[in-house]
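> There's a structure below that I have some questions on.
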Amino acid sequence: MSPNLLRRLARPALPAVATWIAALSASAELQRVDVAYENPGGVAATGLLVYDDALTAADEASPGVLVVPEWWGMTAFPVEQAERLAAAGRVAFVADMYGGRQRTDDPEEAGELAGAAKSTGLAELATAALEAFKGTGSVDPANVAAIGFCFGGSTVADLVKARADIVGGASFHGGLSADAAPAESGTYPPLALYHGGADPLVEPEALAGFVEACVAAGVPLTLVSYPEAKHAFTNPAADGYGMEATAYDAGAAGAAFAASDRFLDAVLGAGD
């Protein structure tokens, strides 16, 4: 088996110049800070910086994680993920991929927003957020990883393909195909995939093509598949989407988050 590929099956696994415009305490320790920046084309965006001031400080360089939302936009779910990361001692930043903190619960509108973002360039949009994150001074700019969900998972794969300045990326139930993988051999950030084996939106052949292309290009790749999990399996709100393809799977979600935490420990440095 290639050293760049680990397959495991688990049943239950703006130039951006940041402007600080608001700081709110979620509790005595958890801090949320709005960070204004520009997406490509001069579109105004507002990311969310989240950290635990008992574990990290906003003016100290700490390991960071960029969080890229699902195609629904800046809903509660990516914020909750940022909070989870902050509780573990990371500084997290939720990207505003659409600008204006747009969000929706309508699949048709979400598809239109995601389509426009793809036309602009997912890696370009995420890089604007990444630069804004690094510009806060709260993270070590050489020690930032990225995670994303569904649309965001595809975005993280694009960041790896673009050889973005990240130490690693984790894609949860991203839409992946051979076309999304790097076409040239080279040095790429490590990429971890957490995939629902029962996801009808990602054909097995498409996933296999992505994996094979990544391995051929030299991407350090980890694939973890959860056989009974559908699309969006990490999000408790997935059961309410009204989409047969999506379903929350608490066991698979817990296992995937535990696996991704280990991945982040490895690429960011545990306890750093």
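> Being among the aromatic types (Phe, Trp, Tyr) and either within 23 Å of residue 81 (Cβ to Cβ) or touching a Ser or Thr at 6+ places or on another chain (Cβ under 6 Å) (or both) narrows it down to one residue among 188, 194; which is it?
That would be 194, the only listed residue that is among the aromatic types (Phe, Trp, Tyr) and either within 23 Å of residue 81 (Cβ to Cβ) or touching a Ser or Thr at 6+ places or on another chain (Cβ under 6 Å) (or both).
> Taking strands (runs of 3 or more DSSP E) that do not extend beyond segment 1-87, which have at least 1 residues that are at pLDDT 95 or above and farther than 21 Å from residue 250 by Cα?
30-39, 43-52, 62-68
> Residue 255: within 16 Å of residue 154 (Cβ to Cβ) and touching a strand residue (DSSP E or B) at 6+ places or on another chain (Cβ under 9 Å), yes or no?
No, not satisfied.
> Here is a list of conditions, (1) surrounded by 15 or more Cβ atoms within 10 Å (Cβ to Cβ); (2) assigned to a loop (DSSP other than H, G, I, E, B); (3) of a type in the set (D, E, K, R), and residue 261 meets all of them except one; can you say which number that is?
(2)
> Right, here's the next one. Tally up the residues in segment 214-272 that are in contact with a Cys (Cβ under 8 Å, 6 or more places away or on another chain) and at pLDDT below 95, please.
0
> Check whether at least one residue in segment 100-123 is in contact with a Pro (Cβ under 6 Å, 6 or more places away or on another chain), surrounded by fewer than 24 Cβ atoms within 10 Å (Cβ to Cβ) and hydroxyl-bearing (Ser, Thr, Tyr), and report yes or no.
yes
> Within segment 170-220, restricting attention to residues that are of a type in the set (Ser, Thr, Tyr) and over 19 Å from residue 263 (Cβ atoms), which residue is surrounded by the fewest Cβ atoms within 10 Å (Cβ to Cβ)?
For segment 170-220, the residue satisfying everything is 185.
The values are calculated or read from the model by the stated rules, or taken from the named source; none is laboratory data. Source: prediction; values computed, not measured. Heads up, the Cβs are rebuilt from the backbone with ideal geometry, glycines too, and the neighbour counts pull from every protein chain shown.
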